[in-house]
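Some notes on the structure that comes next.
The values are calculated or read from the model by the stated rules, or taken from the named source; none is laboratory data. All values derive from a computational prediction rather than experimental measurement. No Cβ is skipped: glycine too gets one built from the backbone with ideal geometry, and neighbour counts run over all protein chains shown. Calculation scope for accessible area: heavy atoms of the full protein, side chains included, ligands and nucleic acids excluded. Shrake-Rupley method; radii C 1.70, N 1.55, O 1.52, S 1.80 Å.
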Amino acid sequence: GENVEQHPSTLSVQEGDSAVIKCTYSDSASNYFPWYKQELGKRPQLIIDIRSNVGEKKDQRIAVTLNKTAKHFSLHITETQPEDSAVYFCAVFGAGSYQLTFGKGTKLSVIP
Amino acid sequence: EAGVAQSPRYKIIEKRQSVAFWCNPISGHATLYWYQQILGQGPKLLIQFQNNGVVDDSQLPKDRFSAERLKGVDSTLKIQPAKLEDSAVYLCASSLGQLREAFFGQGTRLTVV
């Protein structure tokens, strides 16, 4: 099955700074890459996603970049705010496995 | 639009007992997932349904876990008998299709003592 590695596991940034979280995957046929945000005690919620035919997607302060050759994709959050503090999960949909596989998560703390 | 409904929210059982979780997906969503999320880890896929058929159950411990999705709508996940290591949050998610956004329910927090 798909192997998804996510780094770093924890990340602390000052309010206003940028945060970058990176994920690598193993199945070159994977074609859908969502990012989820999970606040403490709550359900994961989609914040942005990208498909394999696109290299970059942006939504206000959040962007995702995809490098299919290197099999990695990254989440970029600019001008971080305290409410961005949460656990972020990358996920990969494997075309061969038909599974939506999640990374282990990154705990982001934005320090006011 | 109503979200994914799960029940119960919390459950405490003793090891070797059985437990069942229920999920009602968003209306019209053909794909339904059950994930296990152990504290501090990412969700781990247990089983995926497309309508009422199983797409993938390769990570479901079939000696103790079972799941069904009758009529392609509601789904139940059962554990029998439970072990201590089954303590986790069980998340149900649904989507219009396999390459579409997955919407998660609030989850059932299971504690096995």
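Below is a table of values for the structure above.
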item: Failed condition for A:Gln14, given (1) at pLDDT below 95; (2) more than 23 Å from A:Phe93 (Cα to Cα); result: (1)
item: Residue pairs meeting the criteria (Cβ under 6 Å; at least 6 apart or on separate chains; first closer than 15 Å to A:Phe33 by Cα, in the stretch B:94-105; second open to solvent by 10 Å² or more (accessible area, probe 1.4 Å) and not in a loop (DSSP other than H, G, I, E, B)); result: B:Glu101/A:Leu46
item: Single condition B:Pro81 does not satisfy, out of (1) outside any strand (DSSP E or B); (2) under 27 Å from A:Pro8 (Cα atoms); (3) at pLDDT 95 or above; result: (2)
item: The stretch B:53-69, residues that are in contact with a Ser or Thr (Cβ under 8 Å, 6 or more places away or on another chain), more than 14 Å from chain A (Cβ to nearest Cβ) and not in a loop (DSSP other than H, G, I, E, B); result: B:Ala67, B:Glu68
item: Filter result (aromatic (Phe, Trp, Tyr) and more than 11 Å from every other protein chain (Cβ to nearest Cβ)) within the stretch A:14-34; result: A:Tyr25
item: Answer from B:Gln50, B:Gln17 - the residue that is within 14 Å of chain A (Cβ to nearest Cβ), farther than 17 Å from A:Pro44 by Cα, in contact with a strand residue (DSSP E or B) (Cβ under 9 Å, 6 or more places away or on another chain) and open to solvent by 20 Å² or more (accessible area, probe 1.4 Å); result: B:Gln50
item: Matching option when the condition is over 27 Å from B:Gly3 (Cβ atoms) and within 15 Å of the chain's Cα centre (by Cα), among A:Thr69, A:Thr101, A:Thr24; result: A:Thr24
item: Any chance A:Leu46 is under 11 Å from the mean Cα position of the chain (by Cα) and surrounded by fewer than 19 Cβ atoms within 10 Å (Cβ to Cβ); result: yes
item: Options A:Ser97, A:Ser74, A:Ser109; residue that is under 30 Å from B:Gln36 (Cβ atoms), more than 14 Å from chain B (Cβ to nearest Cβ) and in contact (Cβ under 8 Å) with a residue 60 or more places away in the chain; result: A:Ser109
item: Output for the stretch A:2-19, where each listed residue is over 18 Å from A:Lys68 (Cα atoms) and touching a strand residue (DSSP E or B) at 6+ places or on another chain (Cβ under 7 Å); result: A:Pro8, A:Ser9, A:Thr10, A:Leu11, A:Ser12, A:Val13, A:Gln14, A:Glu15, A:Ser18, A:Ala19
